[in-house]
Each structure stands twice: as structure tokens, then as C-alpha cells.
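Data first, discussion second: the structure below is written as C-alpha cells.
No lab work stands behind these numbers, since they all come straight from the coordinates. Not measured: the values here are computed from a predicted model. Counting neighbours? That spans all protein chains shown, and the Cβs are built from the backbone with ideal geometry, glycine included.
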Amino acid sequence: MTFSIPSTHPTDILDNMLSPSDILKHVCSRWGARILITLNQHSSLRFSELRSELKNVSEKMLAQTLQTLAHDGFILRDAYATMPPIVEYRLTLLGEELAGHVGQLVQWIDLNLEQIQQARNQEVATPDIPQ
């Protein structure tokens, strides 16, 4: 009787699986949501154009966030063999759909921001939690 050893350990496969909360962290991060919304307003943008649109984002953070969103399937990176090289970023169909939902969430927050701020400013007594 022969046994074959799988190329990856079963726990390695589980470690590589993303949970919905992982995706939410990417999408709702400080720059993730802004990148999605900005790219949704344009057909495509070069790195420098995207950085200019976003303001205050470092090159490193923009590059990392773009890489993460591309890895998740929301953004495509188009590199052209020109001199100097041109790289453009655009949303995938999945990214376009997601950007629409993120945009709706941002609109909802804008509409309710005053109420949210009032709730934060209220001093609400929290009940003692038995230990």
C-alpha cells in the first residue's frame, strides 16, 4: 500500500483562505475605499494621477493598497512596454460592482454624519458588566 503526501499541508490551505472580514479590511481601509471610488470615477489612472487625486497618500501605501486590491481581483494593472514605461490601473467588473456599494455606503455616512457625531458626543452610561 502506498501513500502520497500532499504538496501542501491541509492547514496551509486553510491559512491561505480569506475570510469576509479580511476582504472588508482591504476594502474599508483608509485608502482602499478611496482608491475604489476614485477609480470608479475614471476609466483608468496612472499611478501618479491616482496619487494626485487622493492627496496625502504615500507612494508606499498607495503601491501596497493597489497590490492588495489587485490580488483580491478588484483592480487590474495594465503595463505598457513604452519608454518610459506606462502603468495604468482600472477596476475589474467585480471592482466596479464593489465600488458602487462602497460609494453608497459613503453617501449613507455623509447623510447620517450629524446623527453619528451626536451619538459619539453623548455621554452614555455603560452598565457594569459582572465579572
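Numbers at a glance
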{"item": "Selection from the stretch 36-51 of residues that are touching a Phe, Trp or Tyr at 6+ places or on another chain (Cβ under 8 Å) and part of a helix (DSSP H, G or I)", "result": "36, 39, 47, 50"}
{"item": "In the stretch 24-70, the residues that are among the small types (Gly, Ala, Ser), surrounded by 13 or more Cβ atoms within 10 Å (Cβ to Cβ) and touching a strand residue (DSSP E or B) at 6+ places or on another chain (Cβ under 8 Å)", "result": "44, 70"}
{"item": "In the stretch 24-35, the residues that are assigned to a helix (DSSP H, G or I) and either in contact with a Leu (Cβ under 9 Å, 6 or more places away or on another chain) or on the phi > 0 side of the Ramachandran plot (or both)", "result": "26, 27, 31, 32, 33, 34, 35"}
